[in-house]
Amino acid sequence: MVQGRCSAVAATVLLCCLLLHFEVAQSASFTVGGRGGWTFNAAAWPKGKPFKAGDTLVFNYNPSIHNVVAVNRAGYKSCKAPKGAKVFKSGKDQIKLKKGQNFFICNYIGHCQAGMKIAVTAA
């Protein structure tokens, strides 16, 4: 009887691991801006792309002149990062999308106003 329970537990653990692996394997990676990377006039880049929660956005840029700031809707509209906003500045940032709306800007002076911002909705 003990051996039967151990087998059932092992099978359940294996099934959970497979399901977790399947979920991870389903996520996609998107390079923001395509070959040009994270730059000006990026606001239209997300249009028509099938984003899902867990997908990764890859931001490639020159970190001496740009950054990426995860903001809320108000920060996106006003081009101002709220206090405590997460600032990325490696030049090769990888950010996982959460379900719903995700907003990102460059908060160097004038960059967001010049279109260096994106709004991504993940299903």
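In this structure, does residue 105 turn out to be over 12 Å from the mean Cα position of the chain (by Cα) and surrounded by 15 or more Cβ atoms within 10 Å (Cβ to Cβ)? Yes: the conditions hold for residue 105. Evaluation of residue 71 against the conditions (1) touching a residue at least 40 places away in the same chain (Cβ under 8 Å); (2) surrounded by 14 or more Cβ atoms within 10 Å (Cβ to Cβ) shows that the sole unmet condition is (1). Of the residues making up the stretch 69-85, one or more are within 11 Å of the chain's Cα centre (by Cα) and at negative phi. Residue pairs whose Cβ atoms lie under 9 Å apart, separated by 6 or more positions or on different chains, with the first residue in the stretch 105-123 and of a type in the set (Phe, Trp, Tyr) and the second surrounded by fewer than 17 Cβ atoms within 10 Å (Cβ to Cβ) and part of a loop (DSSP other than H, G, I, E, B), are 108/65. Just one of the listed residues (83, 52, 77) is part of a loop (DSSP other than H, G, I, E, B) and free of Cβ contacts under 8 Å to residues at least 12 places away in the same chain, and it is 83.
All of the numbers you see were taken from the coordinates with simple rules; none came from a lab. Since we're looking at a predicted model, the values are computed, not measured. Don't worry about glycine lacking a Cβ; one is built from the backbone with ideal geometry, like all the others, and counts go over all protein chains shown.
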